[in-house]
1. Which loop-located trypsin sites (Lys or Arg not before Pro) does the stretch 259-309 contain, where loop means any DSSP state but H, G, I, E or B and the Cβ has at most 15 other Cβ atoms within 10 Å?
2. Under a point-charge model restricted to the Cβ atoms of Lys and Arg (+1) and Asp and Glu (-1), what is the dipole moment magnitude of the stretch 8-47 relative to its Cα centre, in debye to the nearest 20?
3. For a footprinting-style exposure proxy, rank His245, His80 by other Cβ within 10 Å, fewest first.
4. For the stretch 1-151, what's the radius of gyration and Dmax over Cα atoms, in angstrom?
5. Distance in nm between label sites at Lys210 and Asn340, each 7 Å beyond Cα in the beta-carbon direction?
6. For the pairs Lys210/Lys349; Lys201/Lys319; Lys191/Lys214; Lys210/Lys316; Lys165/Lys210, flag any whose C-alpha to C-alpha distance is greater than 27 Å.
7. Could you state the orientation-averaged shadow area of the convex hull built on the Cα atoms of the stretch 100-226, in nm² to one decimal?
8. What GluC sites (Glu not before Pro) does the stretch 122-203 have in DSSP loop regions with at most 11 other beta carbons within 10 Å?
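No lab work stands behind these numbers, since they all come straight from the coordinates. If you're wondering where the values come from, they're calculated on a predicted model, not measured in any experiment. Note: ideal-geometry Cβ built from the backbone for every residue, glycine included; neighbour counts use all protein chains shown.
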Amino acid sequence: MSRTDLGQPDWLVSDATRQVLAALEAVRQGGSRFVGGCVRNTLMGRPVDDIDIATQLLPRQVIEALQAAGIRSVPTGIEHGTVTAICQGEPYEITTLRRDVETDGRRAVVAFSEDWAEDAARRDFRMNALYADGEGNVFDPVGGGIEDAAEGRVIFIGDADERLKEDYLRILRFFRFNAWYGAGIDEEGLKACERQKGGLKQIAAERIWKELEKLLRAPDPVLAVEAMAQSGVLAEILPDASTTHFREYMAMAGSKPDSLQRLMVMLPRELMAVNRVADGLRLSNAERGRLMAWAGDEIALAPEMSPQQARAAAYKLGKRAFEDRLATAIARDGETAWSNVLAAVETLKQLPVFPLRGQDIVDQGLSGPAVGEAMRALEDWWIEQDFRPDRDELLARVSLPPR
């Protein structure tokens, strides 16, 4: 039998939570309930990161109630009914009950409401439309949400196509929630995502990457990613992507939550393709730089490399770029093919550090462009010697120009 109460989780009985709820209840008894992730995750036995509260109070009343209780309030989304309370350093997002007046697939025009069922009906999945009062009693206005949370089912509220037309970003949320919480992909929801996938063209690239990045951080996103490919949703947002080696990569890399490396394994290692992805998703400079370092071909890796060549490549590429290339290569070719390279780099607990600085060369009597030339030549020789020469051996090779 599914639970209909939360018990007494730490977040619910904390002093800060009780203060915030008491401030709201002082204005309207029974008019505020916890909602969404904190309720869902508690029922599922998962950690709770954010505490959201739905209330029948208007935003102005929320602010006044918090002020009266000496709790700081921030109007983070007041036009949509959201006020954030800061109590003992903890944020609580408080949102007035709403109903949708108009939607266009990207944003909604809302009207405030006092009806819990109206507020629940405008949400995306049944497991996200659960509410709980201060005693931990759970309310499920749309029905099925408690059972969905218990069984790990991600099911749209009402007609899936209508929910997606209200906000096409819910297509990606469907796959993200399946990656994090799902015990199997709901076929009706998947078909609706396939039918509505073209609507993703209306969604800002930054919002798409935010959802995709969260999905790729899940402990095991294999089923969700493969379902995205099956439905054509992946091709809609990443035309160059393929899931051919994704399952093998996950088996090799495990649950290490490296969303960018997981993205890499789906892409061709080509600079033009990487540039298209970086532009299309509006990646940050750091994210773009890491993808470019992975895709570059100035330093090639090959299974037949000698141990010394492998260590030299690791040094020249840098630890992260080398690991990215090796991980995606192993996913493609299998670990056995790269066993020699793996064994070689495992002897490097950390990348060696070149023992000279420019000032060391200046102190030897060189100046101007000759300093840089000497540094490059000495570093090349040091790499050729498998990083063995020490500082003194390197300095002994400095050649002074004729006088």
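1. Those satisfying the criteria are Arg282.
2. Numbers: 5 positive and 3 negative charges, 37 e Å.
The calculation lands at about 180 debye.
3. Working: His245 18, His80 15.
By the 10 Å Cβ count, ascending: His80, His245.
4. 14.7, 42
5. That separation, rounded to one decimal, is 4.9 nm.
6. Working: Lys210/Lys349 34 Å; Lys201/Lys319 37 Å; Lys191/Lys214 22 Å; Lys210/Lys316 32 Å; Lys165/Lys210 20 Å.
Violating the 27 Å limit, Cα to Cα: Lys210/Lys349; Lys201/Lys319; Lys210/Lys316.
7. On the way: hull surface 33.4 nm².
Averaged projected area of the stretch 100-226's Cα convex hull equals 8.3 nm².
8. Values: sites: Glu135, Glu147, Glu151, Glu162, Glu166, Glu187, Glu188, Glu194; in loops: Glu135.
In loop regions of the stretch 122-203 (DSSP not H, G, I, E or B), the sparsely surrounded GluC sites (Glu not before Pro) are Glu135.
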